[in-house]
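Everything on this sheet refers to the single structure shown next.
The values are calculated or read from the model by the stated rules, or taken from the named source; none is laboratory data. Just so it is clear, the model here is predicted, and its values are computed rather than measured. Here the Cβ positions follow ideal geometry from the backbone for every residue, glycine too, while neighbour counts run over all protein chains shown. Accessible surface areas use protein heavy atoms only, side chains included; no ligands, DNA or RNA. Shrake-Rupley method; radii C 1.70, N 1.55, O 1.52, S 1.80 Å.
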Amino acid sequence: TILLTYQSAKLDRIVECVIYPVCIYYVQRAVYLVGFGRNPQGEVNWYNYRCDRIEKLESLPWNDPRIPQQLILHYQNQTLPTPDYIQDQMVQGWGFDFYQPQLLMLLRFDSRHHRRYIQDTERHETFENITYEQAKQLIKQYTSPEECQHLLNILTKRSATDAYYQAFYREGDPNVLMRLNAWRPYVEVFLPEKLRKRMAQDVRQEWQFYGD
């Protein structure tokens, strides 16, 4: 186990985190240390620590009182996490924040943009091309009655010849959000509702720069 002195971007302050380091990943032009333990929010969970924000690193013996009890139990039971667990979780959901909830995403792409840049490309194991009718069924399955009718009304105004995709992704994952933003204005998020609203809010905020 190690004690990290970490400059947290989310909290905008320096915090101390006691973790069991599992592996190192290179993602989106940055190197991350993946560890399980007490994260910057004070919770015992997984977390991705950007290596250039680690200000100090100190090794801790297993009898150190700062080590979370949950982590000590893993050590005593010889069930400490491994990189294989991380890889398995990343396969199940699109995104590097594999410890976040997994949600279904439903997307629509402009047909020409899809043909030029999306079709036959690899994004994630769960990123799958579906039919217009399948998109309808997903909306019915994953939304409340009120939201369902609202989205179905919108879908009827879209072309059945556009490209529709489903994927499972990690909620709030910044790399997934950046990819969706890079696809604008040729992609429309239908599901989940929270993500659709976030994309709409981002567009409204961006429009303030150019609307005048």
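Accessible area of M90 (1.4 Å probe, protein heavy atoms only, ligands and nucleic acids ignored): about 40 Å². Excluding same-chain neighbours fewer than eight residues apart, the lysines reachable from K140 by a Cα-Cα span under 28 Å are K157, K194, K197. Residue separation of E171 and Y85 scaled by 0.36 nm, minus their Cα-Cα distance, works out to 29.1 nm of gained length. Across E147, E55, E171, E122, the residue with the most accessible area heads the list, and the full order at a 1.4 Å probe is E122, E55, E171, E147. Candidate cross-link partners of K56 among the aspartates and glutamates, defined by an alpha-carbon separation under 12 Å and a same-chain spacing of 8 or more, comprise E16. Residue separation of E125 and L11 scaled by 0.36 nm, minus their Cα-Cα distance, works out to 37.8 nm of gained length. Taking G42, G93, G172 as the candidate residues, the one with maximal mean-square fluctuation in a Gaussian network model of the chain, Cα springs under 10 Å, is G42.
Here the label points at R198 and K140, each 7 Å from Cα along the C-beta direction, are separated by 2.9 nm in the simple model.
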